[in-house]
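Just below is one structure, and these are the notes that go with it.
The values are calculated or read from the model by the stated rules, or taken from the named source; none is laboratory data. This structure is a prediction, so every number in the text was calculated from the model and none was measured. Methodologically, a virtual Cβ is constructed for each residue, glycine included, from the backbone with ideal geometry; neighbour enumeration extends over all protein chains shown. Please note that ligands, DNA and RNA were not included when accessible areas were found on the heavy atoms of the full protein model with its side chains. Shrake-Rupley method; radii C 1.70, N 1.55, O 1.52, S 1.80 Å.
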There are 2 protein chains.
Amino acid sequence: MTLTEQITQLAKQAKAASRELAKLSTSEKDKCLSAMADALEKNADVIKDANALDMEAAAKSGLPAAMLDRLKLDDKRISGMARGLREVVALPDPVGKTLDERVRPNGLKLQKISTPIGVVVIIYESRPNVTADAASLCFKSGNATILRGGKEAMHSNQVIARTMIEAGKKVFAQFPEHAIQVVPMADREAIPILLGLTQYVDLCMPRGGEGLIRAVAECSKVPVIKHYKGVCHVFVDADADLEMAEKIAMNAKVQRPAVCNAMETLLVDKKVADKFLPQIAQKLGEKKVELRCDPTAMAQLSKLNGQLRLKAAAEQDWFTEYNDYILNVRVVDGVKQAVDHINYYGSAHSDSIVTRNEAHAKQFLNEVDSATVYWNASTRFTDGGEFGMGAEIGISTDKIGARGPMGLEELTSYKWIGIGDGQVRT
Amino acid sequence: MTLTEQITQLAKQAKAASRELAKLSTSEKDKCLSAMADALEKNADVIKDANALDMEAAAKSGLPAAMLDRLKLDDKRISGMARGLREVVALPDPVGKTLDERVRPNGLKLQKISTPIGVVVIIYESRPNVTADAASLCFKSGNATILRGGKEAMHSNQVIARTMIEAGKKVFAQFPEHAIQVVPMADREAIPILLGLTQYVDLCMPRGGEGLIRAVAECSKVPVIKHYKGVCHVFVDADADLEMAEKIAMNAKVQRPAVCNAMETLLVDKKVADKFLPQIAQKLGEKKVELRCDPTAMAQLSKLNGQLRLKAAAEQDWFTEYNDYILNVRVVDGVKQAVDHINYYGSAHSDSIVTRNEAHAKQFLNEVDSATVYWNASTRFTDGGEFGMGAEIGISTDKIGARGPMGLEELTSYKWIGIGDGQVRT
């Protein structure tokens, strides 16, 4: 078989499995997921053996230590995967919910009902626990998954998927064998082939660095839901409680700088810049955060004593997700300029205003065109768990389909059901 | 300016206009739309003059009479456009609705609020009234539109858009000039350029024949919502009320055969085929419907006297949207075979089961993977107006974003708003 034939077969099998998955009841799905969780723990040794093969090859190929750590599976991480699956069992089934209902004058009853999407492709990088997480969320929402992890995690991913499938089949005879599939070849060309099969694949969700996501979006013919990066802002308004502003800005920047909902740019209204900038710069300096400043902020901060790491911000910096102890700082003239800055330089991910002024807050919340906008709260809350979704399969900055954190509900589509007693159109 | 520069400018202007549109109140939008409706009627002569230019060129180029008729604008059609706009005024604003609301244990209040999508590109064929319809629905939902009609309607489309914009500006000083734009050049390459500008364009909705829609989907880098064709089915179950089945099948086939929600294939359970097939064939024969039969149906129907137009169905026929007095007929063995036929040959548009058997109905409604599924009703109801949406901008057979008929609500996205009093993540 050619690569195209192999990939086509994979996608076709997934589509057939998705038809079977759509028929499963909540309890059937949950029974399978519980069995999968148990099997992951029971098969920990087999999984670790497969992972050891990946680790060995990765070490030989010179993968950096941080990446090796992400690739590694031990008992604790395997238990973590199992726990994740059990949490998914506990979540409500997102399928079959009545989203809207109406009876037309002719008596035709229309119901808008949530359904699975069908076949979901997940493309991701090295962490093999994503295999279990993504497969379980797709399974609970009635979707067949095609998983394409990093080639360095191939053995681990295959064994995890195999373990889940075997466990499902053991407790449920009609378990669709191809509900969860790992792309079994590392060829780069597999991705464009798979994402060209619009007749079988309904959605692709790439997770990883901007380069990976752009490459996927560029070649895909199926819908892609994604976020390229998180260039998040905190705007300290003229009417901000500056103590609150400091708390929020510090949390957004340094609580966990390497994640997508961390702040990359601090905007400060010029009316409070004199007072706020020295205060926050001192706190950020204590955490060794480098500040890339616009000329106004630079003029103010360079007067200060202390060990601030100051740099003039370059145009490109305002677009940059550092994921590091680096922060852009700009002094702006009012809400409008803050909004304009965010809509131009931002990534439509998560942005926050700190203010006591309701009109300013409303303007900001309405006009900032981002997936998630906050008033007096840290940008760090953009997360499925923090939103009460129970689990998260990704975050979207797109506007078609899901936007913001994506949990089980965001893995569904809907259909319209019309129930009549012989209605015809006149 | 190169073509790419011109198109980029257009898209950039649309994005800027979309930011302004998102700020408008319902009453501001409605005031503009009412003024636009009046202006279309008041400017009827100017519109007819522009249309005459299009008609003349089209006649010269040998456009068929049916197409010429679709292109033509007269007072009645112009009043129809104005009436359409006034109907949009009467519809509720789909933006700013609270779709979900929750307060987290830390006191953070999360609201999921409907928003405009942003910039919507509509690509369509010859009927110039689509210009007014689509622009008004996008405007009411706060979206900037870029309209690309057929080149044969260029003058008409330009004047309609111009009339609407001028009217909006007259009654509302902050009316965003570029809220409604018609692509001013007929170059084919304009479409792939426009649909490559993912930083400015949020959605494309092509409307027209399958060829146009496939070409758009093929080249687009922005999300496309569409339906390629309507291969709709009626399945007459073993437990059907055959009188009702006849009424529904006749309505689905002949009430208006040229539309996408008309039936193309009739599936009959073998248990009732003996009885039902002769009865429906006779009625269809009276309407001069050609029947393309599977071998079983053929064997039964060819025994009958009468003037039936019978043909053996070819494999390709089951995939075909005739939009004509032609119907495929197949005898199937139970619900499962009907479902499998529909999911394989259908276009995921609209399919109906006629039955008294609730279990059969539920199986059909659950397992047929189409945008709209009916129980004891005609497929012809798949329509924004019939669904009570008030107006329709299209029908989607996609699963990401809107599915089924699309009205104003389906032209929205959402954002999450988090309101706190200083919450930070721990």
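Give me the percent relative contact order of the stretch B:1-106, please, defined on Cα pairs under 8 angstrom at least 6 residues apart. Let's see the in-between values first.
Working: 40 pairs, mean separation 37.0, N = 106.
Relative contact order, the stretch B:1-106: 35 percent.
Please report, as a whole percent, how much of the solvent-accessible surface of the stretch A:92-206 comes from carbon and sulfur atoms (probe radius 1.4 Å).
On the way: 2030 of 3960 Å².
Solvent-exposed carbon and sulfur of the stretch A:92-206 make up 51 percent of the total.
Could you tell me which residue out of A:289, B:96, B:59 lies farthest along the dipole of the protein assembly as shown toward its positive end? Charges go on the beta carbon: Lys and Arg +1, Asp and Glu -1, centred on the Cα centre.
My answer, from the dipole projection, is B:96.
Starting from a label point 7 Å past Cα on the Cβ side, list the distances from residue A:362 to the same position in the other copies, nm, shortest first.
For residue A:362, the other copies' label points sit at 4.8 nm, shortest first.
Answer with one residue from A:395, A:361, A:379: the one whose Cα lies farthest towards the positive end of the charge dipole of the stretch A:359-400, charges on Cβ with Lys, Arg +1 and Asp, Glu -1.
Of the listed residues, the answer is A:361.
Using alpha carbons only, how many degrees (0 to 90, rounded to 10) separate the axis of helix B:3-21 from the longest principal axis of chain B?
Once rounded, one gets 80 degrees.
To the nearest 20 Debye, how big is the dipole of the protein assembly as shown about its Cα centre, given +1 on the beta carbon of each Lys and Arg and -1 on that of each Asp and Glu? Before the final figure, lay out the partial values.
Working: 110 positive and 110 negative charges, 45 e Å.
In total the dipole reaches around 220 debye.
Once both labels are modelled 7 Å past Cα along the beta-carbon direction, what's the residue A:1-residue B:270 spacing in nm?
Taking the two extended label points, one gets 3.2 nm.
Report, largest value first, the span of the C-alpha coordinates of chain A along each principal axis, in whole Å.
The principal-axis extents, from largest down, are 72, 70, 37 Å.
On full extension of the chain, what length is gained from residue A:333 through residue A:286, given 0.36 nm per residue of separation minus the C-alpha to C-alpha distance?
Details: separation 47, 0.36 × 47 = 16.92 nm, distance 2.77 nm.
Taking 0.36 nm per residue and subtracting the Cα distance, the gain is 14.1 nm.
How high is the relative contact order of chain A, in percent, with contacts defined as C-alpha pairs under 8 Å that are six or more residues apart?
Numbers: 868 pairs, mean separation 75.7, N = 426.
The value is 18 percent.
Quick check on the stretch A:1-137: take the gyration tensor over C-alpha atoms, sort the square-rooted eigenvalues as a ≥ b ≥ c, and tell me if it's rounded (a/c under 1.5), prolate or oblate. All intermediate terms of the calculation are to be shown ahead of the outcome.
On the way: a/c = 2.75, a/b = 1.88, b/c = 1.46.
Prolate, because a/c is 1.5 or more and a/b exceeds b/c.
Checking the cross-link filter: which aspartates and glutamates have an alpha carbon closer than 20 Å to that of residue B:169, excluding same-chain neighbours under 8 positions apart?
B:20, B:28, B:30, B:38, B:41, B:133, B:177
Note the angle between two axes, namely the Cα long axis of helix A:129-140 and the longest principal axis of the Cα atoms of chain A, as a number of degrees from 0 to 90, rounded to the nearest 10.
So the helix axis and the longest Cα principal axis differ by about 60 degrees.
Would you mind finding the longest exposed-site-free stretch of chain B, with exposed trypsin sites (Lys or Arg not before Pro) meaning DSSP loop and at most 12 other Cβ atoms within 10 Å? Show your work: numbers first, answer last.
Values: sites that count: B:188, B:287, B:288, B:303.
Maximal segment without exposed cleavage sites: B:1-187.
Between the helical axis of B:358-367 and the dominant principal axis of chain B, each derived from Cα atoms, what acute angle in degrees is found, rounded to the nearest 10?
50
Would you work out if the protein assembly as shown is rounded, prolate or oblate? Take a ≥ b ≥ c from the square roots of the eigenvalues of the alpha-carbon gyration tensor; rounded if a/c is under 1.5, else prolate when a/b is larger than b/c, oblate otherwise. Display every interim value, and only then the final one.
On the way: a/c = 2.12, a/b = 1.26, b/c = 1.68.
Cα axes put the protein assembly as shown in the oblate bin.
In nm to one decimal, list the spacings between the residue A:61 label point and its equivalents in the other copies, with label points set 7 Å along Cα to Cβ, shortest first.
Residue A:61 label point versus its equivalents elsewhere: 5.4 nm.
As a check on your grasp of the helix formula, calculate [θ] at 222 nm for the protein assembly as shown: sum -39500 (n - 2.57) over DSSP H runs of n ≥ 4, divide by the residue count, round to the nearest 500. The partial results should precede the final answer.
Values: 28 runs with 360 residues, N = 852.
Per the formula, -13500 deg cm²/dmol.
Only Lys, Arg, Asp and Glu count, each charged at its Cβ (+1, +1, -1, -1), so figure out the dipole size of the stretch A:1-109 about its Cα centre, rounded to 20 debye.
On the way: 19 positive and 17 negative charges, 120 e Å.
In total the dipole reaches around 580 debye.
For the stretch B:329-381, what class follows from the C-alpha gyration tensor (a ≥ b ≥ c being the square roots of its eigenvalues): rounded when a/c is under 1.5, otherwise prolate if a/b is larger than b/c, else oblate?
Judged from the Cα gyration tensor, the stretch B:329-381 comes out rounded (a/c under 1.5).
To the nearest 20 Debye, how big is the dipole of the stretch A:167-308 about its Cα centre, given +1 on the beta carbon of each Lys and Arg and -1 on that of each Asp and Glu?
Its charge dipole is roughly 320 debye.
If contacts are Cα pairs under 8 angstrom and at least 6 residues apart, what is the relative contact order of the stretch B:279-426 in percent?
Working: 188 pairs, mean separation 21.7, N = 148.
This gives 15 percent for the stretch B:279-426.
Are any of the pairs A:76/B:415; B:97/B:226; A:247/A:303; A:15/B:15; A:31/B:221; A:336/B:109 more than 29 Å apart by Cα-Cα distance, and if so, which?
Checking Cα-Cα distances, A:76/B:415; A:15/B:15; A:31/B:221 exceed 29 Å.
List the distances, in nm to one decimal, from the label point of residue A:90 to the label points of the same position in every other copy, shortest first, placing each label point 7 Å from Cα along the Cα-to-Cβ direction.
Spelled out, the distances from residue A:90's label point are 5.2 nm.
Could you tell me the accessible area of residue A:68 in Å² (1.4 Å probe, neighbours in place), rounded to the nearest ten?
Taking all protein chains as shown, residue A:68 has close to 40 Å².
Just how much of residue B:386 is accessible, in Å², when a 1.4 Å probe is used and the result is rounded to the nearest 10?
Approximately 60 Å² for this residue.
Rg and Dmax of the stretch B:142-254, Cα atoms, in Å?
Final numbers for Rg and Dmax: 20.6, 64 Å.
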